[in-house]
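No lab work stands behind these numbers, since they all come straight from the coordinates. Note that this is a predicted model, so its numbers are computed, not measured. Neighbour counts run over all protein chains shown; Cβ positions are idealised from the backbone, glycine included.
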Amino acid sequence: MSRQSLQIDAKGRLRHFLCISGLNHQLITEILDTAESFAGVTEQTVKKVPLLRGKTIVNLFFEASTRTRTTFELAAKRLSADVLNINITQSSTVKGETLLDTLRNLEAMHVDMFVVRHADSGAAHFIAANVAPHVSVINAGDGWHSHPTQAMLDMFTIRRVKGPDFGALRVVIVGDIMHSRVARSQIHALNLLNTGDVRIVAPKTLLPAHTASLGAQIHHDLATGIKDADVIIMLRLQRERMQGAMLPSEHEYFELFGLTEEKLAIAKPDVTVMHPGPINRGVEMDSEVADGPRSVILEQVTHGIAVRMAIMSMAMSRREKEAS
Amino acid sequence: MPADSTSTLIRGGRVIDPANNVDAVQDLYIANGKVVALGQAPEGFTPDTIIDASKHIVCPGLIDICARLREPGQEQKATIASESLAAASSGITTLCCPPDTNPVIDTPAVTEFIRLRAEAAGHARIVTLGALTQSLAGEHLSEMAALRQAGCVGVSNALQPIINPLVQRRALEYAATFDLSVFLYPNDHWLANNGCAHEGKVATRLGLRGIPEAAETVAVARDLALIEQTGVRAHFCRLTTGRAARMVARAQFDGVPVTADVAMPYLYLSEMDISDFDTSCHLIPPLRTVEDRQQLRDALQQGTLTAVCSDHQPHEADAKLGPFPATEPGISGLDSLLSLGLRLVDEHALELPDLVQRLTAGPAGILGLPYGNLAVGMTADVCIFNPSDSWQLDSNTMRSHGKNTPFAGWEMKGRVSHTLLAGKQVYTPG
């Protein structure tokens, strides 16, 4: 089965939402436009629309998450769906059979949608390939592979701040690319939106093999990398990366790759600073930058709700049309 | 295995016996489990059975240098009886089982158990590799002399690492003491870093933990140095990179006593085949690049690699049902070994006699076995197949208990019509 056919149906509509790389420009734009219409809803006093009334959505999280799970939950509730949160720790299930069993049991409860986060790359694809035909699967992060709703909310944020012409933008992603599902999804999305210049800044130990094949220019020096940047996306540096031989120290990492107000002067004056969260203050960026006027980190969180509403309703509307 | 007392005439087939440079349409005469004549009938020979082999190839029974039978220890996947029957139906008469059974083959009792089970089944001969270190833990040497006494044809640590090079050196020296061949899986434990796919473009895109080429080449370099140092006879199992194949070729040129093999899937598949998290292509060592695949074909053709094996790893369906990194690696390969080999001939990667050599005399030489050879007086292990008969591989009709194959739906070339084990027909279709 190809990934294209898994997440998009024969009529080109969203069936599951698993990764950015199987999508196309039109679909991505449709998601962003739909999210724009929902952004209005989330800003009203009565924040609900009845689109998914009577539907049951299960947040199936095999990995800890606060932000992503919460915004998915809020998004589902604002669409009037019933939401069930299931957190399964690593210890209770690691085997494929158990995952499939978990799935079958939940399916038996007539669930309409799974929002899945799992530590293994490919987990969402596996689940999508094995669920009943009426169930939609939304990937909320699988291993190092993909975190497509995060990438979409980042694109939404960029479009809101910088306007729709991605071709004019230089977007720089800084940090641990190797272990980052966010970076992979962002790079795919930026390329699908024809971004003028997509760059990566990282030491070689934090880059996967053939990084350039993802579709980005590689820099090892922050100053040259972020020169004249329109958008800088800082990635979270996992503390456990310090324990291997990935990096010598947080101190040296911050010296070389941490974002400070001083270094920010190299970028364009109206540069936008983003971060998928949670931030390690003093490791990948100074508090001054994170809380500063060019940071849109909290807006990203807010936009997450509208974008996830858009994706959930689009994946579900396919089924409504099929049923009618 | 008791020799068959009957006599058989295999008539009119094209006999390909690379060990003796034979490739001609000839009659083959078998009695008491041995080859008694080729071409001219021995005096007074009256066959009990006549097999018409016209338009068929008659070659030594195939020798698969690495097949996991899952018994003892993982009988939910397969058994010696089920897999040796699958072997017989694919023209394979000798299977070599690596020591990573459960319990591990580090005592004569386990070797003996496997031998008895194989004899009881009676479909194929099974030889074993003993463990190089106790429990394959890479710390203490196994009782290699006892294992050899019990019939192990070599020693190996299978896929388990020997992290300490001093233990590796001692293990090779001790094996050399008893003239035991050592079978090495070159994979540096640290560089492999629990990866599940080749460290390349596809793993990068899919976010899979990569195993770099250097995991194999660093291990080959270390092992080659220790092989030279100790003078042990050594064999590299399952090379996957062109670079490692060239290192082995160079060592062979320099006179180092080293051989190497490749497994059939690596001659057809590459990292590209895991693109959709296809767990049927989850292999360890991993499928490498398209260039590596070509270089392995070249090394097989040039004779750096003197055997091609199935690297048979049958699984129950559940083992492949999960997110890619969580699934068990391996392909069920017995059913497709010969046919994929014949496809190499069709693709001009190998001449037919060379293919037969890599499936018979080549592995026999590596294992030090007196099989894979149809000279007068040799054991009559014979594979007869129709090379032009084509069929489609259907995982449901595979003989192996493991249906895990990425080759389902592929057009297969060649069909076995008879398999003889020490003169006895162990397989005939219908």
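So if I place +1 on the C-beta of Lys and Arg and -1 on the C-beta of Asp and Glu, and nothing else carries charge, what would the dipole magnitude of the protein assembly as shown be about its Cα centre? I want it in debye, nearest 20.
The calculated dipole for the protein assembly as shown is roughly 1460 debye.
What ranking do A:67-77, A:45-55 get when scored by the average of other Cβ atoms within 10 Å per residue, highest first? Display every interim value, and only then the final one.
Values: A:67-77: 21.0, A:45-55: 13.4.
Packing order, densest peptide first, comes out as A:67-77, A:45-55.
Angle, helix A:67-78 long axis vs. longest principal axis of chain A, Cα atoms, 0 to 90°, nearest 10?
Relative to chain A, helix A:67-78 is tipped by roughly 40 degrees.
Order these peptides, A:282-288, B:399-405, by their mean beta-carbon neighbour count within 10 angstrom, highest first. Write out the running numbers ahead of the final one.
Values: A:282-288: 18.1, B:399-405: 22.9.
In descending order of packing, they fall as B:399-405, A:282-288.
How many angstrom separate the Cα center of region B:51-79 from the Cα center of region A:119-181?
Centre-to-centre (Cα) distance: 47 Å.
Please state the charge dipole magnitude for region A:148-296, taken about the Cα centre, from unit charges on C-beta atoms (+1 on K and R, -1 on D and E), reported in debye and rounded to the nearest 20. Working shown, then result.
Values: 16 positive and 18 negative charges, 107 e Å.
Approximately 520 debye in magnitude.
Could you work out how far apart the two model spin labels at A:HIS210 and B:TRP391 are, taking each label as a point 7 Å from the Cα in the direction of the beta carbon, and quote it in nm?
For A:HIS210 paired with B:TRP391, the spin-label model returns 3.7 nm.
In what sequence do A:VAL171, A:VAL135, B:VAL290 fall when counting other Cβ within 10 Å, fewest first? Kindly include the intermediate steps, with their values, before the conclusion.
Working: A:VAL171 26, A:VAL135 20, B:VAL290 12.
By the 10 Å Cβ count, ascending, the order reads B:VAL290, A:VAL135, A:VAL171.
Using the alpha-carbon atoms, what tilt in degrees (0 to 90, nearest 10) does helix B:165-177 show relative to the longest principal axis of chain B?
It works out to around 20 degrees.
Out of residues 5 or more away from B:HIS198 or on other chains, whose amide H comes under 5 Å of its own, with H placed 1.01 Å from N in the peptide plane?
B:ILE211, B:LEU287
Along Cα→Cβ, 7 Å out, is where each label goes; now give me the distance between the ones at B:ARG399 and B:ASP179 in nm to one decimal.
Spacing of the two 7 Å Cα→Cβ label points: 3.5 nm.
Suppose each label sits 7 Å from its Cα in the direction of the beta carbon; what would the A:MET109-A:ASP228 distance come out to in nanometres?
5.5
Arrange B:SER310, B:SER7 by Cβ neighbour counts within 10 Å, fewest through most, would you? Please list the in-between numbers first.
Working: B:SER310 31, B:SER7 20.
Listing B:SER310, B:SER7 from fewest to most nearby Cβ atoms yields B:SER7, B:SER310.
Could you pull out every residue, at least 5 positions away or on a different chain, whose amide H is within less than 5 Å of the one on A:ILE173? Hs are placed 1.01 Å off N in the peptide plane, and Pro or chain starts have none.
A:ARG199, A:ILE200, A:VAL201, A:ILE233
Kindly list the residues of region B:399-430 that lie in the label zone of B:SER5, defined by a backbone N under 13 Å from the point 7 Å along the Cα-to-C-beta vector.
Counting backbone N atoms under 13 Å from the label point, the list is empty.
Once you charge only the Cβ atoms, +1 for Lys and Arg and -1 for Asp and Glu, what is the size of the charge dipole of chain B about its Cα centre, to the nearest 20 debye? Write down the numbers at each step before the final one.
On the way: 33 positive and 47 negative charges, 25 e Å.
The calculation lands at about 120 debye.
Taking the 0 to 90 degree range and rounding to the nearest ten, how far is the long axis of helix A:181-192 tilted relative to the main principal axis of chain A, both from C-alpha atoms?
For helix A:181-192, the angle is close to 90 degrees.
Give me a single rounded figure for A:135-148: the average over its residues of other chain Cβ atoms within 10 Å of their Cβ. Show your work: numbers first, answer last.
Working: counts 0, 0, 0, 0, 0, 0, 0, 5, 7, 7, 7, 3, 1, 0.
Mean shielding count: 2.
What's the average, rounded to a whole number, of partner chain beta-carbon atoms within 10 Å of each residue's beta-carbon in A:206-212?
Working: counts 0, 1, 10, 10, 8, 2, 2.
Going residue by residue through A:206-212 and averaging, the value is 5.
Need one word for region A:206-261: rounded, prolate or oblate. Basis is the Cα gyration tensor (sqrt eigenvalues a ≥ b ≥ c); a/c below 1.5 gives rounded, then a/b vs b/c decides. Walk me through the intermediate numbers first.
On the way: a/c = 2.12, a/b = 1.21, b/c = 1.76.
Oblate.
At 0.36 nm per residue, minus the direct Cα-Cα distance, what do B:GLU228 and B:PHE253 gain on full extension? Give it in nm, one decimal, please.
My answer for the length gained is 7.7 nm.
For B:LEU159 and A:HIS25, FRET efficiency with R0 = 45 Å and r from the beta-carbon atoms, rounded to 0.05? Could you put the intermediate results ahead of the total?
Working: r = 45 Å, r/R0 = 1.00.
In this case the efficiency is close to 0.50.
Would you kindly derive the ³J(HN,Hα) couplings of region B:325-332 from the backbone phi angles with the Karplus curve 6.51 cos²θ - 1.76 cosθ + 1.60 (θ = phi - 60°), listing them in order in whole Hz, with x for Gly and Pro?
x, 8, 8, 8, x, x, 10, 7
Return, ordered by residue number, the residues of region A:159-188 whose backbone nitrogen is under 13 Å from a label point located 7 Å along Cα→Cβ of A:LEU256.
Counting backbone N atoms under 13 Å from the label point, the list is A:175-176.
Rounded, prolate or oblate, given the Cα gyration tensor of chain A, with a/c below 1.5 counting as rounded?
Working: a/c = 1.81, a/b = 1.47, b/c = 1.23.
Cα axes put chain A in the prolate bin.
How high is the relative contact order of region B:61-367, given as a whole-number percent (alpha carbon pairs under 8 Å, six or more residues apart)? If you can, show how the numbers build up before the last one.
Details: 669 pairs, mean separation 51.6, N = 307.
It rounds to 17 percent for region B:61-367.
Provide, for chain A, the number of lysine pairs with alpha carbons under 18 Å apart, each pair being eight or more places apart or on different chains.
Lysine pairs, 8 or more places apart or on different chains, close enough: 10.
Collect residues whose amide H, placed 1.01 Å from N in the peptide plane, falls under 5 Å from the amide H of A:PHE17; neighbours closer than 5 in sequence don't count.
Amide H neighbours of A:PHE17, under 5 Å, 5+ apart: A:VAL137, A:ILE138, A:ASN139.
HN-Hα J couplings of region B:96-102 from phi, Karplus 6.51/-1.76/1.60, θ = phi - 60°, integer Hz, Gly and Pro as x?
Along region B:96-102, the couplings run 10, 9, x, x, 8, 7, 10 Hz.
Work from the charge dipole of region A:148-296 (Cβ charges, +1 for Lys and Arg, -1 for Asp and Glu, about the Cα centre) and give the residue of A:ASN191, A:TYR253, A:VAL161 farthest towards its positive end.
The one lying farthest along the dipole's positive direction is A:ASN191.
Please list 3J(HN,Hα) in residue order for region A:253-260, calculated via the Karplus relation 6.51 cos²θ - 1.76 cosθ + 1.60 where θ = phi - 60°; whole Hz, with x for glycine and proline.
4, 4, 3, 8, 10, x, 9, 10
With a ≥ b ≥ c the root eigenvalues of the C-alpha gyration tensor of region B:61-367, is it rounded (a/c under 1.5), prolate (a/b larger than b/c) or oblate?
Values: a/c = 1.23, a/b = 1.10, b/c = 1.11.
Rounded.
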